[in-house]
1. Considering only residues of segment 35-54 that are assigned to a loop (DSSP other than H, G, I, E, B) and within 14 Å of V121 (Cβ to Cβ), which is most open to solvent (accessible area, probe 1.4 Å)?
2. Can we say T81 is at pLDDT 95 or above, touching a helix residue (DSSP H, G or I) at 6+ places or on another chain (Cβ under 6 Å) and surrounded by 14 or more Cβ atoms within 10 Å (Cβ to Cβ)?
3. Consider only pairs whose beta carbons are under 6 Å apart and that are at least six residues apart or on different chains; among these, list those whose first residue lies in segment 25-45 and is within 11 Å of R59 (Cα to Cα) and in contact (Cβ under 8 Å) with a residue 12 or more places away in the chain and whose second residue is in a loop (DSSP other than H, G, I, E, B) and open to solvent by 30 Å² or more (accessible area, probe 1.4 Å).
4. Using the structure shown, decide if A57 is at pLDDT 95 or above and surrounded by 10 or more Cβ atoms within 10 Å (Cβ to Cβ).
5. Could you tell me whether A15 is of a type outside the set (S, T, Y), open to solvent by less than 70 Å² (accessible area, probe 1.4 Å) and at pLDDT below 90?
Amino acid sequence: YVTFPKLAAGVCLVAAVCAQTPASVYVLVVGRDGTQIPDSDPGRKKSIVQAPGKLVARRMTMPELAKALSGFVGRPVVDETGLQGEYDVNLTWTLDAGPRTGKQQVHLHEAVETRSIFSAVREELGLDLVLRKKPVEKQER
């Protein structure tokens, strides 16, 4: 901690130190066949709906998509697509079901098609999530 003693009595500032450490992150890149993301109509209202197994957004930028995806994949996602506009995103995927019992098993058997979030990003958007080691800022107090 770094304190500044010349401040008014009872007031103290704390400085945080940021250090970069290598960590495993997903990098969002354009797939080898190019993107399939529709450009958004600038007149449309910006919106985002996130639910288990679903992400629907209007006028979403790639950094916003990367941030949203990080919540679903459990790691930071870094945008390296180089895409600049706003896009309409409609992703659906199957959640990792894990062991199920009773009524839940019926629904699991009814699901004919399953796919991961990684497959959904590739198939619906033409983008790939690639696991890489990158320096990430880690705040230390």
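1. Looking only at segment 35-54, we keep the residues that are assigned to a loop (DSSP other than H, G, I, E, B), and these are 35-38, 40-46, 52-53.
Keeping just the survivors that are within 14 Å of V121 (Cβ to Cβ) gives 35-37, 53.
Working: T35: 61, Q36: 103, I37: 18, G53: 8 Å².
Among those residues, the one meeting the criterion is Q36.
2. Details: at pLDDT 95 or above: yes; touching a helix residue (DSSP H, G or I) at 6+ places or on another chain (Cβ under 6 Å): yes; surrounded by 14 or more Cβ atoms within 10 Å (Cβ to Cβ): yes.
For T81, the condition - at pLDDT 95 or above, touching a helix residue (DSSP H, G or I) at 6+ places or on another chain (Cβ under 6 Å) and surrounded by 14 or more Cβ atoms within 10 Å (Cβ to Cβ) - is met.
3. Every condition considered, the pairs that remain are D39/G85; S40/E86.
4. Numbers: at pLDDT 95 or above: yes; surrounded by 10 or more Cβ atoms within 10 Å (Cβ to Cβ): yes.
Taking the combined requirement at face value, the residue satisfies it.
5. On the way: of a type outside the set (S, T, Y): yes; open to solvent by less than 70 Å² (accessible area, probe 1.4 Å): yes; at pLDDT below 90: yes.
In short, yes.
The values are calculated or read from the model by the stated rules, or taken from the named source; none is laboratory data. Keep in mind the model is a prediction, meaning the values are calculated, not measured. Here the Cβ is made from the backbone with ideal geometry for all residues, glycine too, and neighbour counts use every protein chain on show. The accessibility values were calculated without ligands, DNA or RNA, using every heavy atom of the protein model including side chains. Shrake-Rupley method; radii C 1.70, N 1.55, O 1.52, S 1.80 Å.
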